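Visitor: One structure coming up, written as structure tokens, with questions to follow.
The values are calculated or read from the model by the stated rules, or taken from the named source; none is laboratory data. The shown structure was predicted, so the numbers you read here are calculated from the model rather than taken from an experiment. Because the Cβ atoms are built from the backbone with ideal geometry, glycine has one as well, and the counts that use them run over all protein chains shown. Side chains included, ligands, DNA and RNA excluded: accessible areas come from the protein's heavy atoms. Shrake-Rupley method; radii C 1.70, N 1.55, O 1.52, S 1.80 Å.
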Amino acid sequence: MFYDLAKLFYNEHELKYARECLQLIQQKKHFPQMIFLQAQIERDDNHYEQAFELFTEALTRANSDLKRIEILLAQGYLYVKNARYNQAKHSFKQALDLLQTDDQSQTKAEILNAFGLVAKKCSEYDQAIISYNNALDIVDIHSDLWSDIISNLADIHRKKGNYNEARDLYLKSLEQMESLYGQNHPSIADIMNNLGMLLKKEGKYNEALDYFKQAVKIAKHYYGQEHSSIGMYLTNIGDIQRKQGDYKTAEATYKEALTSLEKSFGPNHIEVAEVLNSMGLVLKKRADYTNAELYYKRAIQIVHDTFGHDQEHYKLGIYYNNLADLDRKRNRFSDALQLYQRALSAIEKRLVQNILKLQKFYIILVKFNINLEIMNKQLNILIVH
């Protein structure tokens, strides 16, 4: 009775009452389903370490492969949310190994979608596309999983600059999600946010802002005032305000986003790094180069800690480029040149196909080499005279 009531409250996102119902259940050690539900409640309430412990306990008590797969997927997605991508891959691999080689079930489609998500987060876009397409080959086209895969595939096209393909896929996903859940579901908010990001890339800032605000409204309606999704959507709103030159409002929005994300993920999450970089951009516009430098360096450290110091994530190219801009503006040309070269190295290794970005960096390097040559000549003239 109490378990069913707890599930009902959980499905309505009434986490407090769901937790209270579980506390009334006797002989908990004989109720593995309860442990899994408790893990989900703690996860959704941003108590991630407690959730990890409970998922592990639930896994040891699971009495079927299907239940183990369900737990491993939930555990893996939580690892993704916490930017622990190698551990996520391991959980998803364990889940896949529990299926038969010739399995063509919806469960396998979900696992393949999960692999695609990890690859996307690690900027391994070609691998992500392979995983998503393999999932689409077997998924039920009328399911919410199909919509989720389509939306994830749209993300890849957006990140690769294929905006028309991305838009078509987002709209297909949105149409199906709305038919399944109505207009006030978190999945709808995610698609709204992604459409806003697409419009931002196209320079359609007012339209993008409308989508981001809709995403925040839906998320707050569903989750309340505090959730990691709200922090990410607010970051995008801040980006629009910054691009429109409203730096004071953008800074306030970024601070609100940063507070939300640090509360959800802690201070060293990759989403936190994104906000720190954005705050650095605002401070650069205000000529507060010292504090902007602190934000950029903290963002760079988070990327290194997340992906490893031997990995060249594309975000390093962005953050090092922004750091170099500060030295350039402070006339520290030699230091700026080294940082631009460091940024170029990251961009070349992770986004070689993006020729326009590479050309931009090469132009900057050429200009700085010319500036350094002129400076050296002037110094030699001064020395001689």
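Visitor: So how much accessible area does Tyr79 have, in Å² to the nearest 10, using a 1.4 Å probe?
Guide: Rounded to the nearest 10, the figure is 30 Å².
Visitor: Right, another one. If you take the charge dipole of the chain about its Cα centre, with +1 on Lys and Arg Cβ and -1 on Asp and Glu Cβ, which of Leu73, His313, Leu169 is farthest toward its positive end?
Guide: My answer, from the dipole projection, is His313.
Visitor: Using a 1.4 angstrom probe on the protein heavy atoms only, line up Met197, Met34 by accessible area, largest first.
Guide: Values: Met197 45, Met34 5 Å².
So the residues, ranked largest to smallest area, are Met197, Met34.
Visitor: To the nearest 10 degrees, how steeply does helix 270-285 sit against the main Cα axis of the chain, on a 0 to 90 scale?
Guide: Result, in degrees: 30.
Visitor: When a/c reaches 1.5 or more, the comparison of a/b and b/c decides; with that in mind, is region 189-284 rounded, prolate or oblate per its Cα gyration tensor? Kindly include the intermediate steps, with their values, before the conclusion.
Guide: Details: a/c = 1.74, a/b = 1.05, b/c = 1.67.
Since a/c reaches 1.5 but b/c is at least a/b, the shape of region 189-284 is classed as oblate.
Visitor: Still on this structure, please answer the following. Subtracting the Cα-Cα distance from 0.36 nm times the residue separation, let me have the gained length for Tyr289 to Gln301 in nm, one decimal. Working shown, then result.
Guide: On the way: separation 12, 0.36 × 12 = 4.32 nm, distance 1.82 nm.
Roughly 2.5 nm would be gained on extension.
Visitor: Tell me the carbon and sulfur percent of the accessible area for the chain, rounded to whole percent, probe radius 1.4 Å. Write out the running numbers ahead of the final one.
Guide: On the way: 9580 of 19580 Å².
Heavy-atom surface of the chain belonging to carbon and sulfur, 1.4 Å probe: 49 percent.
Visitor: How far, in degrees from 0 to 90, does helix 333-350 lean away from the longest principal axis of the Cα atoms of the chain, to the nearest 10?
Guide: That works out to roughly 40 degrees.
Visitor: Counting only heavy atoms of the protein chains, get the accessible area per residue of the chain (1.4 Å probe) and round it to a whole Å² value.
Guide: Spelled out: the 1.4 Å probe surface of the chain, per residue, equals 51 Å².
Visitor: OK, next. Measure nothing but the geometry: give the 0 to 90° angle between the long axis through the Cα atoms of 144-159 and the longest principal axis through the Cα atoms of the chain, rounded to 10°.
Guide: Between helix and principal axis, roughly 10 degrees.
Visitor: Too long at a 27 Å Cα-Cα cut-off: which of Lys159/Lys248; Lys93/Lys255; Lys160/Lys204?
Guide: Details: Lys159/Lys248 29 Å; Lys93/Lys255 38 Å; Lys160/Lys204 18 Å.
Exceeds cut-off: Lys159/Lys248; Lys93/Lys255.
Visitor: Okay, moving on. Where nothing but the Cβ of Lys and Arg (+1) and of Asp and Glu (-1) is charged, how large is the charge dipole of region 216-264 around its Cα centre, in debye to the nearest 20? Mind dumping the intermediate values first?
Guide: Numbers: 7 positive and 6 negative charges, 21 e Å.
I would put it at about 100 debye.
Visitor: May I ask for the Kirkwood hydrodynamic radius of the chain, worked out over all distinct Cα pairs and given in angstroms to one decimal?
Guide: Numbers: mean 1/r = 0.0437 Å⁻¹.
Taking the inverse mean of 1/r over all distinct Cα pairs, the chain comes out at 22.9 Å.
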